[in-house]
Amino acid sequence: MAWQDTYQTWVAYPELDADLKKELTATTDQEQLEDAFYVPMEFGTAGMRGVMGPGINRMNIYTIRQATEGLALFMDTLDAATKQRGVAISFDSRYNSELFAHEAARVLGAHKIPSFVFDGLRPTPELSFAVRHLETYAGIMITASHNPKQYNGYKIYGPDGGQMPPKEADLITSYVRKAADLFGIAVVDEHDLRTAKLMTMIGEDVDEAYLANIKKVTINQDLVDEIGPKLKLVYSPLHGTGKMLGAQALRNAGFTQFKLVAKQAIADPEFPTVPFPNPEFPQAFDMAIELGKRENADILVATDPDADRLGTAVRQPDGEYRLLNGNQIAALMLDYILRANQNADTLPANAVAIKSIVSTELATQIAHNYNVEMLDVLTGFKFIGEKIKQYEQDHSHTYMFGFEESYGSLIRPFVRDKDAIQGLLLLAEIAAYYQKQGKTLYDGLQDLFKKYGYYAEKTVSQTFDGISGADKMAKLMTKFREEQPAEFNGVKISAVEDFAQQTKTYADGHQEKMALPTSNVLKYLLADKTWIAIRPSGTEPKIKFYVGTIGTSEADVATKLDAFENALNEFAAE
């Protein structure tokens, strides 16, 4: 069907949601309309994420219903007892998030599937926890994480609290596609759902259970009791879900000298104080820095709107603040966890840490220093969650820490996704550890560099919007595969890992089979220990280029990163 026909179907639908109809009739830009109607919104292993508005390629109540219908049809194939375990549902502070959450419950109710819906916005990690705590079969999180205000998203979680693994996700995707008639999906009135006990509201009961588990994140309570009341911390939830649980977790642990960035503690879907509600961006810390200087704060911490990513900045001797990136934060966390356990003689012999294939190799060096295995997995925290589940079942390893370079980590596995509330608490403890030595987190990072070498990484994204975007991304990936560069920045490539072909090809031509699952990723290993990875984003119309290198100083690695970035851009533009 041509996009114009699909568009006319929406215009002619007599019961179209009034707000969507108003927006649809007001839109005259043909390119914008084509983008909204030419193809259904992609539903993959990470769920779906996109701009809100009318159309089959937009986030709205009808595409939410379609996604939930796919989950419900899949659950209809399960035995009755499993199906009756139901689905936990949470949502963030974005426009329409609560509406979308309740629409999902209405679809599930039409299939006699119980839902357990939070009474207000909650973080993504608490949804993951709720699935495990309530023993539901699945979970739905309505969030677009750190994306701009125009976006929303939909993520499905499995029985272990992790994002649905590929096999089940693929089955759900097939059922989503079968639910092609977006206007024909049955929904049940909420009052009827409540009367039939097919929709239950949840809230503080789950909060209390989550916070009880959060107490396990603290490793050295004596240290926190001594230094915690003195540590000055500023926390910004960036208008999102982290405020209540984050602040309470700090207080419960003993960190009482913290201040919230007042304006950014308001759950506001406009995200009015930041260009992007993302702790990866320096601008997200502007207001925290202002407050930090007034309070003479030791560290500043920010979480993204669904509280699964954590950023930080550290006060320097001149009173200014230095931002740390996701790899640096993770390196400090890993080193502290392993050292504290080693000192307490609680480090298991089969300990393992897990990171994504595009995260820093500094973490690998740290793990090996403590005789701990480091496992690389594909990008996507569900792959870390899968390994945690495996280790629980076969007892081959004891999980200590997992992270991705994109500011997400998990410390204690009572959650099975990135958890910035846990990260907030541990980072405060690590800051206390260094403060007791007369040092800062930044000083601690420099100690790691002096011991292991100056590691640095950089991520560069190219955006490909619109109808032609996917084709351009595919062509660029094909170019890198088929033209096979021999070097970047004058440094020879020693091996190429193609995760789509599952092959590792060395410079002399011989190949090895790779064990990781198939993924559209290329990774180049260079002769000077630099690595370069290229992958299309799973949630945004972007190709991401990752560069990691090691040098003799901070200035040296910065120069190398710039040179490799330029070489990549030149090759991509040829």
One checks the Cα atoms of region 3-64 and finds Rg and Dmax, in Å, of 11.3, 34
Projected onto the charge dipole of the chain (unit charges on the beta-carbon of Lys, Arg, Asp and Glu, signs +1, +1, -1, -1), the Cα from GLN502, PRO166, ILE299 with the largest positive-side position is that of ILE299
Kirkwood calc, region 388-532, C-alpha pairs only, radius in angstrom 19.3
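How large is Rg/Rh for region 29-172, to two decimals, with Cα atoms and a Kirkwood Rh?
Result for region 29-172 is an Rg/Rh of 0.96.
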With the dipole of region 370-466 defined by +1 on each Lys or Arg Cβ and -1 on each Asp or Glu Cβ, the option from ALA432, PRO413, MET400 whose Cα lies farthest towards the positive pole is ALA432
Expressed in angstrom, Rg and Dmax over the Cα atoms of region 454-573 are 14.5, 45
Carbon and sulfur atoms account, in whole percent of the 1.4 Å probe accessible area of region 3-202, for 50
Rounded to the nearest 5, the percent of DSSP beta bridges in the chain running antiparallel is 65
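Please go through region 131-223 and write out the trypsin sites (Lys or Arg not before Pro) that DSSP classes as loop and that have at most 16 other C-beta atoms within 10 Å.
Hits after loop and neighbour filter: LYS197.
Among the GluC sites (Glu not before Pro) within region 35-114, which fall in a DSSP loop and have no more than 16 other Cβ atoms within 10 Å of their own Cβ?
The qualifying sites are GLU42.
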With DSSP loop assignment and no more than 13 other C-beta atoms within 10 Å, the GluC sites (Glu not before Pro) in region 459-488 are none
Here the chain gives, from Cα atoms, an Rg and Dmax in Å of 23.8, 70
Measuring from its Cα centre, region 488-555 shows a charge dipole (+1 at each Lys and Arg Cβ, -1 at each Asp and Glu Cβ) which, in debye to the nearest 20, is 120
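Any idea of the accessible area per residue across the chain, 1.4 Å probe, to the nearest Å²?
Averaged over the residues of the chain, the accessible area is 40 Å².
The values are calculated or read from the model by the stated rules, or taken from the named source; none is laboratory data. No experiment lies behind these values; they were computed from the predicted model shown. In this analysis, Cβ positions are derived from the backbone assuming ideal geometry, glycine residues included, and neighbour counts consider all displayed protein chains. Note: accessible area is taken over every heavy atom of the protein model, side chains too, but ligands, DNA and RNA are not part of it. Shrake-Rupley method; radii C 1.70, N 1.55, O 1.52, S 1.80 Å.
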